[in-house]
1. With respect to residue 355, determine if the residue is in contact with a Leu (Cβ under 9 Å, 6 or more places away or on another chain) and either surrounded by 14 or more Cβ atoms within 10 Å (Cβ to Cβ) or of a type outside the set (Asp, Glu) (or both).
2. Considering each of 200, 187 in turn, give the residue that is touching a Gly at 6+ places or on another chain (Cβ under 9 Å) and of a type in the set (A, V, I, L, M).
3. Give the residue, chosen from 247, 224, 298, 318, that is touching an Asp or Glu at 6+ places or on another chain (Cβ under 9 Å), under 23 Å from residue 346 (Cβ atoms) and of a type in the set (A, V, I, L, M).
4. Could you check, for segment 206-219, whether at least one of its residues is more than 15 Å from the chain's Cα centre (by Cα), in a helix (DSSP H, G or I), of a type in the set (A, V, I, L, M, F, W, C) and outside the structural domain of residue 170 (by TED's automatic domain parsing)?
5. Name the one entry in 293, 280 that is part of a loop (DSSP other than H, G, I, E, B) and surrounded by fewer than 21 Cβ atoms within 10 Å (Cβ to Cβ).
6. Filter segment 168-205 down to the residues that are part of a helix (DSSP H, G or I) and under 26 Å from residue 269 (Cβ atoms) and list them by number.
7. Take residue 350 and tell me if it is assigned to a helix (DSSP H, G or I), in the same structural domain as residue 242 (by TED's automatic domain parsing) and under 24 Å from the mean Cα position of the chain (by Cα).
Amino acid sequence: MDHDLEIFPLLSFVLYHSDPASHAPPSQIAQIREDDSLSPDDAAKEVQVYATVVKLEEVHEGYEKKLRELEEELGKVYASAVESLNGGDEVNEEVVAVLKEVEDGGVVERIDLSDRQLKLLPDAIVKIVGLVSLNLSRNDLKFLPDAISGFEKLEELDLSSNYLASLPDSIGLLLNLRILNVTGNKLTSLPESITQCRSLVELDASFNNLTSLPANIGYGLLNLEKLSIQLNKIRFFPNSICEMRSLRYLDAHMNEIHGLPIAIGRLTSLEVMNLSSNFSDLTELPDTISDLSNLRELDLSNNQIRVLPDSFFRLEKLEKLNLDQNPLEFPPQEMVNESAEAVREFMRKIWEEMLEEEQVRSLVEAESHQGGATGWLSWGSSIVTNLFSGGGAAKNPKDSFLDKQL
């Protein structure tokens, strides 16, 4: 029997990577070798081919076993998905009722599936394109499908108190989303695509593991009015946050904030800012904080601030100021304990005194240098004055009028 193993690459591979004796029954091998019609070479090839076939059968059986195991695992996943989808008869009945209403031509705009132990978002819900409000809070969700982008009209999405470690990039396609609540999850970051949700008015990402915010968050969320990011691990604000001209409420307490951007004063709509309990990380404030012309409440408690900016008095609308638990040196603590107005007036008085002292110092320096370094300036100014007034001769550099001006 002539066997050309070159035309059987798979058989050849298995053949040369296996021991024939280990895959074929000894009796069968002996029978082949004792066949008088075969030459020794043909008998050897026959044994090898037979062993190869046996080996392939073993591989096939192995694959079948693996497939059975995978089918069992998929069965478990499916059972879990069905259980989470149903969440008991109550959830199942509610989903069925909603779908029935949609099929009957009804318009479903709001669905509340909070506190139902859901582990997966029901696929049927994603198909309700007219949905305006969806509450999935207090469930066991660990991820959201990309199909969430199908909620084209969605305005309110509550995902609070779940186990989400990330949000899908497709969330940026929710162009009508106005309120997003993802507090109480396991998020370490927000997708950059969230900056495309330009209709967002409120964003609550508190009580997560965020270490930063999207770099362009301020350039995209221009309509954002309320930003809650407390109880995270954020160290710095991106500079773009200063472009949120509509922002009225900013809560960043219990983070690791090291400082505020220099341009923070651009947030002229800001009314409430809470930077408390950043502990040893927050040690100073930029002078530009005084440009927050509409700021009414400022909480800086439990930090390491020692001095308030000199221009602090310019916060004319400031009504509530909390500086507790700071090693404050200026203004004095007794002034801080009175009221925000008392602090503001104290800082104003100090500022005016500083201006007066600076003016006096400038006058003294000018008078002391009239005959010296500033004499040539007076003399030069006198010549220029004469030239433009038509005078021909230069006056004495000790011109009385110029001296008064200096």
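1. Details: in contact with a Leu (Cβ under 9 Å, 6 or more places away or on another chain): no; either surrounded by 14 or more Cβ atoms within 10 Å (Cβ to Cβ) or of a type outside the set (Asp, Glu) (or both): yes.
When the stated conditions are applied, residue 355 does not pass them.
2. On inspection, the qualifying residue turns out to be 200.
3. Details: 247 fails: under 23 Å from residue 346 (Cβ atoms); 224 fails: under 23 Å from residue 346 (Cβ atoms); 298 fails: touching an Asp or Glu at 6+ places or on another chain (Cβ under 9 Å).
Matching residue, one of 247, 224, 298, 318: 318.
4. Step one: list which residues in segment 206-219 are more than 15 Å from the chain's Cα centre (by Cα), which gives none.
Checked segment 206-219: no residue is more than 15 Å from the chain's Cα centre (by Cα), in a helix (DSSP H, G or I), of a type in the set (A, V, I, L, M, F, W, C) and outside the structural domain of residue 170 (by TED's automatic domain parsing).
5. Numbers: 280 fails: part of a loop (DSSP other than H, G, I, E, B).
The conditions single out 293.
6. Residues of segment 168-205 that are part of a helix (DSSP H, G or I), as a first pass: 169-173, 192-196.
Once the filter is applied, which keeps residues that are part of a helix (DSSP H, G or I) and under 26 Å from residue 269 (Cβ atoms), segment 168-205 yields 171, 172, 192, 193, 194, 195, 196.
7. Working: assigned to a helix (DSSP H, G or I): yes; in the same structural domain as residue 242 (by TED's automatic domain parsing): yes; under 24 Å from the mean Cα position of the chain (by Cα): no.
Here the answer is no, as residue 350 does not meet what is asked.
Results for (1) modelled with pLDDT of 85 or more; (2) assigned to a helix (DSSP H, G or I); (3) not aliphatic (A, V, I, L, M), shown as yes or no for each residue.
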residue	(1), (2), (3)
302	yes, no, yes
305	yes, no, no
312	yes, yes, yes
327	yes, no, yes
335	no, yes, no
338	no, no, yes
341	no, yes, yes
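The values are calculated or read from the model by the stated rules, or taken from the named source; none is laboratory data. Computed from a predicted model, the values in this text were never measured in an experiment. Cβ sites come from the backbone with ideal geometry, for glycine too, and all protein chains shown count toward neighbours.
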